[in-house]
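What follows is a short report on a single structure.
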Amino acid sequence: GGSIGSEIARQVATFKPARIVLLGRGENSLWESERALRAIYPTQPLSLELCDIRNPHRLAQVFDRWKPGVVFHAAAHKHVPYLEVHPGEAVENNIFGTRNVVEASLASGVHSFVNISTDKAVNPTNVLGATKRVAEHLVTAASSRAPEGTRYVSVRFGNVLGSRGSVIPIFREQIRLGGPITVTDPEMTRYFMTIPEASQLVLQAGVLGANGQVCVLDMGEPVRIVDLAEDMARLSGLTPGQDIEIQFTGIRPGEKLYEELFTDGERARTDVHPKVFEASPSPGGVCDFDVCLHALQGAAILPDGRRQKEVLRLLKEIIPTYTPSPIGLGRFGEEFPLRRKSGS
């Protein structure tokens, strides 16, 4: 039901698959996606499953019923400031929800699994990026258990223009109300791509990507957010600084001034598409991956006073390049001690 998931469904419908199954826990977004698809493709067989990916038993029922051949996993909590305050929710949805979908896919014989990731997974400074990086590791690990001839891949990209919660709809509404247009920092930059283009490249990676790959979409050059705000004001017939104010509000918890698509040494070209590269993520952190995942699952349901501290500590153990934001470090006022692997 999200921006990327619904667009992938629209593009998949052009190939006339035997059936499209829309799965999500938000009934309104599923309803909107269904209406849009039925309006454009009235003869396309279409089914809906109201299902929370955090419920493995319900997922197993869905996969057993439909036996999907291809799965596009686009379900995630994504709003950075919210997840900084509620890391347990991010862990349960983005990590263990992903694990549930992966396990259901392996059990039911899915031949192509595509996980939607984010540029925030690179040297993450927020819970969103850290949890999505762990999700990438989960999919890569699953690829080694998948039968020969199947593919389990992740696709990493930046912001998509016009997606729910992105700056374009926010700026449009602020301009409609007469301003101010709010920008966090004058030097803030982001990579942008249109929803249809991102979805098309996701399909390319899903069809052509090698098993275990982390594909990275070429997002072009980064754009300064303040330039985008000023351009939108001018396109609305307004002069920034005269007819409408640009107001700088400060960087929010967990945000970077700029995003990265690769860590050092990760980038490599693929044969998938000229705008699709391959990342070669380094192995996990200093702890045993499965042991830390088990501990993280327990930490996500701890009482409020302990949950955030323990979740952030374990995410740091799994993803050493993760730098918790001040809202995490400042709240608890300490560094995160690391449990080393035996012998390291």
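The values are calculated or read from the model by the stated rules, or taken from the named source; none is laboratory data. All values derive from a computational prediction rather than experimental measurement. Glycine also receives a Cβ, built like all others from the backbone with ideal geometry; neighbour counts cover every protein chain displayed. When the accessible area is computed, the model is the full protein with side chains, heavy atoms only, and any ligands, DNA or RNA have been set aside. Shrake-Rupley method; radii C 1.70, N 1.55, O 1.52, S 1.80 Å.
The set of residues in region 101-132 that are modelled with pLDDT of 95 or more and of a type in the set (D, E, K, R) comprises Glu103, Lys132.
Give the residue, chosen from Glu221, Glu230, that is open to solvent by 30 Å² or more (accessible area, probe 1.4 Å) and not in a loop (DSSP other than H, G, I, E, B). Give the derivation first.
Numbers: Glu221 fails: not in a loop (DSSP other than H, G, I, E, B).
The conditions single out Glu230.
Identify, please: which residue in region 33-90 is among the basic types (Lys, Arg) and in contact with a strand residue (DSSP E or B) (Cβ under 9 Å, 6 or more places away or on another chain) and is, among those, farthest from Ile251 (Cα to Cα)?
Filtering region 33-90 down to residues among the basic types (Lys, Arg) leaves 35, 38, 54, 58, 65, 67, 78.
In the following step, the residues that additionally are in contact with a strand residue (DSSP E or B) (Cβ under 9 Å, 6 or more places away or on another chain) were identified as 38, 58, 65, 78.
Details: Arg38: 41, Arg58: 39, Arg65: 46, Lys78: 17 Å.
Out of the qualifying residues, it is Arg65.
If only one of Gln213, Gln200 is under 22 Å from Ser6 (Cβ atoms), in contact (Cβ under 8 Å) with a residue 60 or more places away in the chain and not charged (D, E, K, R), which one is it? Give the steps one after another, and end with the answer.
Numbers: Gln213 fails: under 22 Å from Ser6 (Cβ atoms).
The conditions single out Gln200.
Note on region 61-78: residues that are open to solvent by 60 Å² or more (accessible area, probe 1.4 Å) and either assigned to a strand (DSSP E or B) or within 20 Å of Ala142 (Cα to Cα) (or both) total 4. Selection of region 41-60 for residues being more than 30 Å from Gly129 (Cα to Cα), polar (S, T, N, Q) and open to solvent by 60 Å² or more (accessible area, probe 1.4 Å) yields only Thr43. If you go through region 40-58 and keep only what is among the hydrophobic types (A, V, I, L, M, F, W, C) and under 20 Å from the mean Cα position of the chain (by Cα), you end up with Cys51, Ile53. Restricting attention to region 106-142, the residues that are farther than 28 Å from Val80 by Cβ and of a type in the set (Gly, Ala, Ser) add up to 4. Within region 6-24, the set of residues being surrounded by 13 or more Cβ atoms within 10 Å (Cβ to Cβ) and touching a strand residue (DSSP E or B) at 6+ places or on another chain (Cβ under 7 Å) comprises Ile8, Ala9, Val12, Ala13, Ile20, Val21, Leu22, Leu23.
Could we say that Ser47 is farther than 19 Å from Val139 by Cβ, not in a helix (DSSP H, G or I) and not aromatic (Phe, Trp, Tyr) here? Talk me through it step by step, then tell me what you get.
On the way: farther than 19 Å from Val139 by Cβ: yes; not in a helix (DSSP H, G or I): yes; not aromatic (Phe, Trp, Tyr): yes.
Considered against the rule, which asks whether it is farther than 19 Å from Val139 by Cβ, not in a helix (DSSP H, G or I) and not aromatic (Phe, Trp, Tyr), Ser47 comes out as yes.
Restricting attention to region 292-306 and to residues that are under 14 Å from Asn93 (Cα atoms) and in a loop (DSSP other than H, G, I, E, B), the residue that is least open to solvent (accessible area, probe 1.4 Å) turns out to be Ala300. Counting only helices (runs of 4 or more DSSP H) wholly contained in region 81-163, the ones carrying 2 or more residues that are within 11 Å of the chain's Cα centre (by Cα) occupy 127-143. Give me the pairs: first residue in region 175-192 and more than 14 Å from Asp231 (Cα to Cα) and among the aliphatic types (A, V, I, L, M), second residue in a loop (DSSP other than H, G, I, E, B) and open to solvent by 40 Å² or more (accessible area, probe 1.4 Å), beta-carbon distance under 7 Å, and six or more apart or on different chains, which are they? These pairs meet every condition: Met188/Leu257.
Quick one: would you say Glu32 is within 24 Å of Phe192 (Cβ to Cβ) and loosely packed, with under 14 Cβ neighbours inside 10 Å?
On the way: within 24 Å of Phe192 (Cβ to Cβ): yes; loosely packed, with under 14 Cβ neighbours inside 10 Å: yes.
Here the answer is yes, as Glu32 does meet what is asked.
For region 168-218, enumerate the residues that are part of a loop (DSSP other than H, G, I, E, B), more than 21 Å from Tyr152 (Cα to Cα) and open to solvent by 60 Å² or more (accessible area, probe 1.4 Å).
Kept after step one, since they are part of a loop (DSSP other than H, G, I, E, B), are these residues of region 168-218: 177-180, 184-188, 191, 209-213, 218.
Subset that is more than 21 Å from Tyr152 (Cα to Cα): 177-180, 184-188, 191.
Leu177, Glu187 - these are the residues of region 168-218 that are part of a loop (DSSP other than H, G, I, E, B), more than 21 Å from Tyr152 (Cα to Cα) and open to solvent by 60 Å² or more (accessible area, probe 1.4 Å).
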